[in-house]
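Below you'll find the structure, written out as structure tokens, and then a few comments.
The values are calculated or read from the model by the stated rules, or taken from the named source; none is laboratory data. This structure is a prediction, so every number in the text was calculated from the model and none was measured. Don't worry about glycine lacking a Cβ; one is built from the backbone with ideal geometry, like all the others, and counts go over all protein chains shown. Calculation scope for accessible area: heavy atoms of the full protein, side chains included, ligands and nucleic acids excluded. Shrake-Rupley method; radii C 1.70, N 1.55, O 1.52, S 1.80 Å.
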Amino acid sequence: MAPPVRQAPQVARDPGCGARQANRAAVRIMGVSDRSRIGQRRGEMEKRENKRGAHRAADPAAHSTEGKSMPTPSIEDYLERIYELVEEKGYARVSDIASSLDVQPSSVTRMIQRLDDQEFLIYEKYRGLVLTPKGHELGRRIKERHQLLEDFLRLLGVAEEDVQRDVEGIEHHLSPGTVQAIGHLVRFLQSRDDWREAFLAYRAAQTGGQAEG
Ligand code: CO
């Protein structure tokens, strides 16, 4: 049974905790128009989180990740990658998504099915997938947010080798208000060379000149 368009993701076929967290982030990034329903949904999801905590304590192996060191990619990671592939090549194949996210093709098809159920894309087995306008819009916003957070960490003088990994680590866990505040700070600092330079000089002094800038 296909869920209604704006309904919260269903628990039963949710494959992992990272994915569910990202689902909540997807709801957040989309959900500005109907605050009361979002509040209600958050309440429901918190209840589920609590249940999950109990489940996790009972069986930690059930939540092991697919790769050795990488966390399981979230639904937002998939949408972001699909969006990028479509932008670059005009299409996104299961094999390309699988190799770029370092997961099994079976994981990709499972996630694609979920994205299809939630009407972010239309998937036909032998014809590939097409992003819906809703999926395209969310993909674009996820990617914009990713770029904003990269800009933010670079402005802070974070070492380049940490930037990508840390953005991947935080991008699906910030509320829209926080992302907006970071956006304002980034634009402010980008327009104010004096502030930016004063900050980086201060930081260099704190770290004994090791901060990049
Ligand atoms: Co990203």
Residue 86 within 16 Å of the ligand (Cβ to nearest atom), among the β-branched types (Val, Ile, Thr), surrounded by 13 or more Cβ atoms within 10 Å (Cβ to Cβ) and over 30 Å from residue 203 (Cβ atoms):
yes
Looking only at segment 116-134, count how many residues are open to solvent by less than 50 Å² (accessible area, probe 1.4 Å), assigned to a helix (DSSP H, G or I) and either farther than 16 Å from residue 91 by Cα or out of contact with any strand residue (DSSP E or B) (no Cβ under 8 Å at 6 or more places or on another chain) (or both).
1
Do we find a residue being over 20 Å from residue 179 (Cβ atoms), of a type in the set (Phe, Trp, Tyr) and free of Cβ contacts under 8 Å to residues at least 60 places away in the same chain anywhere in segment 146-160?
no
Pairs returned, first residue in segment 73-96 that is in contact (Cβ under 8 Å) with a residue 12 or more places away in the chain, second residue that is near the ligand (Cβ under 10 Å from one of its atoms) and outside any helix (DSSP H, G or I), beta-carbon separation under 6 angstrom, 6 or more apart or interchain, are 74/172; 76/172
Checklist (1) open to solvent by less than 30 Å² (accessible area, probe 1.4 Å); (2) within 15 Å of the ligand (Cβ to nearest atom); (3) over 30 Å from residue 199 (Cβ atoms) applied to residue 142, failing item:
(3)
Here's a check for you: in segment 89-134, which residue that is within 16 Å of the ligand (Cβ to nearest atom) and of a type in the set (Val, Ile, Thr) is farthest from residue 146 (Cα to Cα)?
103
Can you work out which of the residues in segment 159-184 that are among the β-branched types (Val, Ile, Thr) and touching a Phe, Trp or Tyr at 6+ places or on another chain (Cβ under 9 Å) is farthest from residue 80 (Cα to Cα)?
182
In segment 171-184, residue nearest to the ligand (Cβ to nearest atom) [restricted to those that are surrounded by 15 or more Cβ atoms within 10 Å (Cβ to Cβ) and assigned to a helix (DSSP H, G or I)]
179
Would it be correct to say that residue 157 is at positive phi, over 18 Å from the mean Cα position of the chain (by Cα) and surrounded by 12 or more Cβ atoms within 10 Å (Cβ to Cβ)?
yes
Touching a helix residue (DSSP H, G or I) at 6+ places or on another chain (Cβ under 7 Å) and in a helix (DSSP H, G or I): does that describe residue 165?
no
Name the residues in segment 160-177 that are over 12 Å from the mean Cα position of the chain (by Cα) and more than 23 Å from residue 200 (Cβ to Cβ), would you?
176, 177
